[in-house]
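Report on the following structure.
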Amino acid sequence: MAVALPPRHIDLDDRVVRRAIHLIWACEAILVFFAVPWIATRSLGLGHRGYLALHTVIAVLFLVAFVATAEPDLGALRRRWKQSVVLGVAVGAVVSALVVVFVEPTHGVSGWSLALAVAGRGVGLGLLSAAVLIGVPTVVARELTLDAPPRFRRLARGFLTLVLVTATVTAHHLGFEQYEGSEAMPAEAASVASSIPAVVTGNPAGAIIAHVSWHVTATIHAFETDVLIPPGVRIDRDYRPPGLFLAPELSNFGDRIVG
């Protein structure tokens, strides 16, 4: 007696499947990067170094998994990248200037401590945050609007990019214990504003530049502020690095940063 076997696969429109996968990854970005600061700062009580390490690992794994699973068209990142970079430099300069004007300056660090802070909180965290909070939504928005009418495609892509970026950035900042109510608004506004190059051109290169720019500016200008670059940090000004065989002025490479 013949037995009917279930089909090995179901033929679906590849474009529908790709867009569903991309949309799932956009939702996962919102959930994951809300959960990372929530767990790190509320459950584990990690300081800025512990958080930076955790965020780095999760962000890198997330990006690798996104590229391997969703298989985005990375070749599209070569389009309009020059316009994106030029706009990113301009937006980064404006947002950085606004940080200096409207955020009250705080005590900072010096020497090697400053160099490490700029490299870590400024460039490193800014780069990875921009990649997952702005880059991924931009790529997803492009995939979801490929079949939009040509005359409306760019507008639809820009609008959807802005919506996804805003949702991801807002969820991310709400995960931090230091942000309650409207206290996260400056950081959210700076992050969303830095996405303007991606919204306008569809290429996230300029947005990453703008995001890193204001991260570096905030690190130098308002190191101890609770307004930008969570989690907040403090400086132990009584700390003196060991330097038994060095003159005191040579042994003090900078203040110790505490979470």
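The values are calculated or read from the model by the stated rules, or taken from the named source; none is laboratory data. In this text the structure is predicted, and so the values were computed from the model without any measurement. Here the Cβ positions follow ideal geometry from the backbone for every residue, glycine too, while neighbour counts run over all protein chains shown. Areas reflect the complete protein model, heavy atoms only, side chains present, ligands, DNA and RNA absent. Shrake-Rupley method; radii C 1.70, N 1.55, O 1.52, S 1.80 Å.
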Original post:
Per the 1.4 Å probe, what fraction of the accessible area of region 96-143, in percent, lies on carbon and sulfur atoms?
Top reply: 76
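With each run of n ≥ 4 DSSP H residues scored as -39500 (n - 2.57), what mean residue ellipticity at 222 nm is computed for the chain after dividing by its residue count and rounding to the nearest 500 deg cm²/dmol?
Per the formula, -19000 deg cm²/dmol.
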Original post:
What is the helix-to-structure angle for 14-37, meaning the angle in degrees between its Cα long axis and the longest Cα principal axis of the chain, kept from 0 to 90 and rounded to the nearest 10?
Top reply: 20
**OP:** Can you grab the distance from the C-alpha centre of region 91-125 to the C-alpha centre of region 33-77, Å, no decimals?
**Re:** 22
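For region 126-213, state which GluC sites (Glu not before Pro) are in a DSSP loop and have at most 14 other beta carbons lying within 10 Å of their beta carbon.
Glu180
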**OP:** May I ask you to give the solvent-accessible area per residue for region 1-141, in square angstrom, as obtained with a 1.4 angstrom probe?
**Re:** 59
**OP:** Could you tell me how many degrees, from 0 to 90 and to the nearest 10, lie between the Cα long axis of helix 48-70 and the main elongation axis, the longest principal axis, of the Cα atoms of the chain?
**Re:** 20
